[in-house]
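Notes to accompany the following structure.
The values are calculated or read from the model by the stated rules, or taken from the named source; none is laboratory data. Note that the structure is a prediction, hence the values are computed from the model and not measured. For neighbour counting, all protein chains shown are included, and Cβ atoms are generated from backbone atoms with ideal geometry for every residue, glycine included. Note: areas computed on protein heavy atoms with side chains; ligands, DNA, RNA excluded. Shrake-Rupley method; radii C 1.70, N 1.55, O 1.52, S 1.80 Å.
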Amino acid sequence: MTTDIQQQLSELQEQLNYHGHLYYVEDNPELPDAEYDRMMQQLLALEAEYPELISSDSPSQRVGGKPLSAFSQVQHEIPMLSLDNAFDDEDLDGFEKRLKDRLTANTTVNYSCEPKLDGLAVSLMYENGVLVQAATRGDGTTGENITQNVRTIRNVPLRLQGSGWPQRLEVRGEVFMPKLGFEKLNQTNEKKGEKTFANPRNAAAGSLRQLDSKITATRPLSFYAYSVGVMSDSFGDSHVGRLEQLKEWGVPLSSEVKRVENLEEVKAYYQDISNRREALPYEIDGVVIKVDDVATQERLGFVARAPRWAIAYKFPAQEEITLLEDVEFQ
Ligand SMILES: NC(=O)c1c(N)nc(OC2CCCC2)nc1O[C@@H]1CCC[C@@H]1O
């Protein structure tokens, strides 16, 4: 009897995970929402009848249990670093000069170019392909355990897809609130006379810091990966290649991640993203440039808390741009 029910449960979970991935990660659903909801109701009914068969990575388990009294602490096995800043092309030239001085002459260096998402850095730990822990970056060494809240983020896979992932795999990335979701949340809160948020970053931070994950579950949060931390088996020798491998395993990435072959192309990428910044569905405050080759990253290492092999190339603060417009129209 139970095996038959178990068969039915795992098929429903499989279907809901597959269609949930298409909807939340690929933004390309195959199923009408009503059909998806009907299947979820079916799963919930079955699990209510056989609670002993509920598995933690079931799609029905996204919204956590009772509220926490406090967040427990998490020690990051590998520190979560911050980034040095560049503000103009000269700073960028200096970044490349410093790193090339430390490499054998005329080493060609490819770069990974990524939008610098303006949200909160988090760490997702997967064991045997199942999400077992999520933590904030905190001070880089110690963060807060926000697993219950991160599980409510619809594009965060509770279970990795495909196969071949390391037994332990830490995915690092940014939790953010897309601009449209932010606008809707503030309008709703305004109407209800509740507090509104100053910007999507604050809204994301406030939503992740809820002790009651049922509140987090109502907030339009999203997640994009940007690096790998702990891995029990190493994979890939290119940073962009690793990110693409994460995508194969069902982990969402920004579609703007790109490998380029030299600093000129980095500057062109920066200009292109800067031109399209207002049209992007999420807020960014620059682009992140990384040496793509993993072995070269390891050779270059870090200075204090920031890597020698990565830099954030920031846009001028918005108010400066406004001043500039004032000057032009005066
Ligand atoms: N905010 C981002 O989009 C971003 C990114 N695309 N890539 C990285 O790479 C890490 C790994 C190596 C050094 C920093 N970090 C990012 O954000 C960091 C997290 C903490 C401080 C920065 O905001």
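Filtering the stretch 170-188 to residues that are out of contact with any Gly (no Cβ under 8 Å at 6 or more places or on another chain) and in a strand (DSSP E or B) leaves only Gly173. Checking every residue in the stretch 194-213 against the condition of being within 15 Å of the ligand (Cβ to nearest atom), over 28 Å from Val291 (Cα atoms) and of a type in the set (Gly, Ala, Ser) gives at least one match.
Considering only residues that are part of a loop (DSSP other than H, G, I, E, B) and either without any contact (Cβ under 8 Å) to a residue 24 or more places away in the chain or more than 17 Å from Arg154 (Cβ to Cβ) (or both), which ones fall in the stretch 13-55? Selection gives Glu26, Asp27, Asn28, Pro29, Glu30, Leu31, Pro32, Tyr50, Ile54, Ser55.
Would you check if there is a residue in the stretch 235-243 being under 14 Å from Tyr111 (Cβ atoms) and touching a Leu at 6+ places or on another chain (Cβ under 6 Å)? Yes - at least one qualifying residue is present in the stretch 235-243.
Condition (residue is part of a helix (DSSP H, G or I) and in contact (Cβ under 8 Å) with a residue 60 or more places away in the chain) applied to the stretch 189-196: is it met by at least one residue? Within the stretch 189-196, none of the residues are part of a helix (DSSP H, G or I) and in contact (Cβ under 8 Å) with a residue 60 or more places away in the chain.
Looking across the stretch 235-252 at every residue that is free of Cβ contacts under 8 Å to residues at least 60 places away in the same chain and not in a helix (DSSP H, G or I), the one that is farthest from Glu96 (Cα to Cα) is identified as Gly236. Asp272 falls short on exactly one of the conditions (1) more than 21 Å from the chain's Cα centre (by Cα); (2) surrounded by fewer than 13 Cβ atoms within 10 Å (Cβ to Cβ); (3) acidic (Asp, Glu), and that condition is (2).
Taken over the stretch 18-64, the residue count meeting the criterion of being exposed (fewer than 15 other Cβ atoms within 10 Å of the Cβ) and basic (Lys, Arg) is 1. When residues in the stretch 198-230 are screened for being of a type in the set (A, V, I, L, M), over 23 Å from Pro115 (Cα atoms) and in a helix (DSSP H, G or I), 1 of them pass. For Lys179, the criteria (1) of a type outside the set (Ser, Thr, Tyr); (2) touching a residue at least 60 places away in the same chain (Cβ under 8 Å); (3) open to solvent by 20 Å² or more (accessible area, probe 1.4 Å); (4) under 20 Å from Leu131 (Cβ atoms) hold in every case but one, which is (4). Pairs linking a residue in the stretch 157-176 that is within 27 Å of Arg201 (Cα to Cα) to a residue that is of a type in the set (Val, Ile, Thr) and open to solvent by 60 Å² or more (accessible area, probe 1.4 Å), with Cβ atoms under 8 Å and 6 or more positions apart or on different chains, are Glu170/Ile78.
For the stretch 97-117, a tally of residues being open to solvent by 40 Å² or more (accessible area, probe 1.4 Å) and either within 28 Å of Ala279 (Cβ to Cβ) or within 11 Å of the ligand (Cβ to nearest atom) (or both) returns 2.
Considering only residues in the stretch 65-96 that are open to solvent by 60 Å² or more (accessible area, probe 1.4 Å) and among the hydroxyl-bearing types (Ser, Thr, Tyr), the one that is nearest to the chain's Cα centre (by Cα) turns out to be Ser72.
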